[in-house]
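Novice: Take a look at this one; I'll ask things after.
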Amino acid sequence: MRYIVKRGETWQSVSGDYRIPVEDLWMANPFVSHSTLKPGQVIIIPNLPDKELIPYTIHVFIAEKQLELRRNNIIQKVYPIAAGKMLSATPTGDFIIVNREPNPGGPFGTMWLSLSKKSYGIHGTNDPSSIGKAVSKGCIRMYNAQVNELARIVPNGTGVYIRPSRRMAQ
């Protein structure tokens, strides 16, 4: 996938966000300096398709505690979620699903979908009563059956757009 470098990013930070060794990034970008990255520079993240080639997108609205699955920008399903609490807010922005892990154990339920922001993901829960609340450490929690359904539908590389609210998504 083609990726546009943001201010302050390094090879190491991109490596962490996309869960790929720095050496693999360097091999995919042989004509880019291995010492520094520049904002606006385009690099290749190997083994991920460009999100524009995937018909699905995920839209998260934190205030409403909802996740929308869209296909070609048409809403297919709306799922209830739990989001981050005040001291560990869910990050807003544009991300992609970079990998997945079935049955990650502990509080993560039956599926983990890693986002392109280190330590954050969309996952199931071992506490279904938390859905609809602001209780997580920043991740997006779903009912296990629903996150499993979502994971069956969307491939790695799917765009994930997290907004504070529907009103602020316009």
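Novice: Name the residue farthest towards the positive end of the dipole of region 20-113 from the options PRO104, VAL22, VAL32, assuming +1 on Cβ of Lys and Arg, -1 on Cβ of Asp and Glu, about the Cα centre.
Specialist: PRO104
Novice: Counting Lys and Arg as +1 and Asp and Glu as -1, each charge on the Cβ, what is the dipole of the chain about the Cα centre in debye, to the nearest 20? Before the final figure, lay out the partial values.
Specialist: Working: 21 positive and 12 negative charges, 108 e Å.
My answer is approximately 520 debye.
Novice: With a cap of 14 neighbouring Cβ atoms within 10 Å, and only residues DSSP puts in a loop, list the chymotrypsin sites (Phe, Trp or Tyr not before Pro) found in region 1-67. Walk me through the numbers before you get to the answer.
Specialist: Working: sites: TYR3, TRP11, TYR18, TRP26, PHE31, TYR56, PHE61; in loops: PHE31.
Answer in residue order: PHE31.
Novice: For a test of the definition: using alpha carbon positions, the gyration tensor, and the 1.5 limit on a/c, classify region 51-169 as rounded, prolate or oblate.
Specialist: Since a/c stays below 1.5, the shape of region 51-169 is classed as rounded.
Novice: Quick check: net charge around PHE61, other residues with Cβ under 13 Å of its Cβ, Lys/Arg +1 and Asp/Glu -1?
Specialist: On the way: positive: LYS65, ARG70, ARG163, ARG166, ARG167; negative: GLU64, GLU68.
Local net charge: +3.
Novice: Would region 1-56 count as rounded, prolate or oblate if I go by the C-alpha gyration tensor, calling it rounded below 1.5 in a/c and otherwise prolate when a/b exceeds b/c, oblate otherwise?
Specialist: Details: a/c = 1.73, a/b = 1.48, b/c = 1.17.
Prolate is the answer for region 1-56, as a/c is 1.5 or above and a/b outweighs b/c.
Novice: Filter the trypsin sites (Lys or Arg not before Pro) in region 107-144 down to the DSSP loop ones having no more than 16 other Cβ atoms within 10 Å, then list what survives. Spell out each step's value before the answer.
Specialist: On the way: sites: LYS117, LYS118, LYS133, LYS137, ARG141; in loops: LYS117, LYS118, LYS133, LYS137.
Answer by residue number: LYS118, LYS133, LYS137.
Novice: While we're looking at this one, here's another question. Test of understanding: ordering MET111, MET27, MET1 by Cβ neighbours within 10 Å, fewest first, what list do you get? Before the final figure, lay out the partial values.
Specialist: On the way: MET111 24, MET27 11, MET1 20.
So the residues, fewest neighbours to most, are MET27, MET1, MET111.
Novice: Ok, one more. If I fit a long axis through the Cα atoms of helix 144-153 and take the longest principal axis of the Cα atoms of the chain, what angle between them do I get, 0 to 90°, rounded to 10?
Specialist: 40 degrees
Novice: Where a ≥ b ≥ c are the square roots of the eigenvalues of the C-alpha gyration tensor, would you call region 76-121 rounded, which needs a/c under 1.5, or, failing that, prolate if a/b is larger than b/c, or oblate?
Specialist: Details: a/c = 1.24, a/b = 1.21, b/c = 1.03.
Rounded, since a/c falls under 1.5.
Novice: Using alpha-carbon pairs under 8 Å, 6+ residues apart, how would you state the relative contact order of the chain in percent? Walk me through the intermediate numbers first.
Specialist: Numbers: 366 pairs, mean separation 41.5, N = 170.
Reported as a whole number, the value is 24 percent.
Novice: Filter the trypsin sites (Lys or Arg not before Pro) in region 1-102 to those in DSSP coil with at most 13 other Cβ atoms within 10 Å of their Cβ, and list the result.
Specialist: Values: sites: ARG2, LYS6, ARG7, ARG19, LYS51, LYS65, ARG70, ARG71, LYS77, LYS85, ARG100; in loops: LYS6, ARG7, ARG19, LYS65, LYS85.
For trypsin sites (Lys or Arg not before Pro) across region 1-102 that sit outside H, G, I, E and B with at most 13 neighbouring Cβ atoms in 10 Å, the list reads LYS6, ARG7, ARG19.
Novice: Which FRET efficiency value, to the nearest 0.05, is calculated for ASP24 and ASN103 with the Förster distance at 30 angstrom and r the Cβ-Cβ distance?
Specialist: Working: r = 26 Å, r/R0 = 0.86.
E between ASP24 and ASN103, to the nearest 0.05, is 0.70.
Novice: Which net charge results for the neighbourhood of PHE108, defined as the other residues with beta-carbon distances under 15 angstrom from its beta-carbon, given Lys and Arg at +1 and Asp and Glu at -1? Kindly include the intermediate steps, with their values, before the conclusion.
Specialist: Working: positive: ARG100, LYS137, ARG141; negative: GLU101, ASP127.
Surrounding charge for PHE108 is +1.
Throughout, read-outs are computed from the coordinates displayed, never taken from laboratory work. Note that this is a predicted model, so its numbers are computed, not measured. Every residue, glycine among them, receives a Cβ derived from its backbone with ideal geometry; neighbour counts consider all protein chains shown.
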